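FYI, it's all coordinate maths here, none of it is from the lab. Nothing here was measured: the structure is a model prediction, and the numbers come from that model. Note: ideal-geometry Cβ built from the backbone for every residue, glycine included; neighbour counts use all protein chains shown.
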Amino acid sequence: MIDWNTLNGSDATVIDASSLVLFSLHCLPSEVVHPPDEDIIDVMKKLDSSRGLIGLHPCFKLEDGRFVKSGASNLNAALEEARVTDFIRVHTKIPVPTVHTVFAQEEYSPYVVMDHIPGENHL
């Protein structure tokens, strides 16, 4: 595990070359990148009954407690956000949500489905 500080205030640590190599090799699990169609259909149905915009990006709370964030400019941007989040979760002690899946529908911006983690919204 990379021993990074929690990156708040003046405790930020310089990222060394080995950390960058680890990050460049970090891949999302297959089920996150290639979700089954039934998972996508399930999320889209739940989105129809959810409500709320949270922060700057549309973020919807599903009835099962997960959140769906949309608003990324394209699928590659959403995948990169998910990859960074997953890397931080795996290699640090910084609390970030588990990403369950990333997908895009034709006429909509990409969606990132993740767990909710407690905390304050500062947006």
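Rounded to the nearest 0.05, the FRET efficiency derived from the C-beta distance between E63 and H34 at R0 = 41 Å is 0.95. For a quick check of your reading of the filter: which trypsin sites (Lys or Arg not before Pro) in segment 62-123 sit in a DSSP loop and have no more than 14 other Cβ atoms within 10 Å? Sites meeting the loop and neighbour criteria: K93. Neighbour counts of other Cβ atoms within 10 Å put I88, I94, I117 in the fewest-to-most order I117, I94, I88.
Computed from the C-beta positions of H26 and H116 and an R0 of 22 Å, the FRET efficiency is 0.45 to the nearest 0.05. Applying the Karplus relation 6.51 cos²θ - 1.76 cosθ + 1.60 with θ = phi - 60° to segment 93-99 yields 3J(HN,Hα) values of 9, 6, x, 9, x, 6, 8 Hz, where x marks Gly and Pro. Taking 0.36 nm per residue of sequence separation and removing the Cα-Cα distance, the K45/T98 pair yields an extension gain of 17.0 nm.
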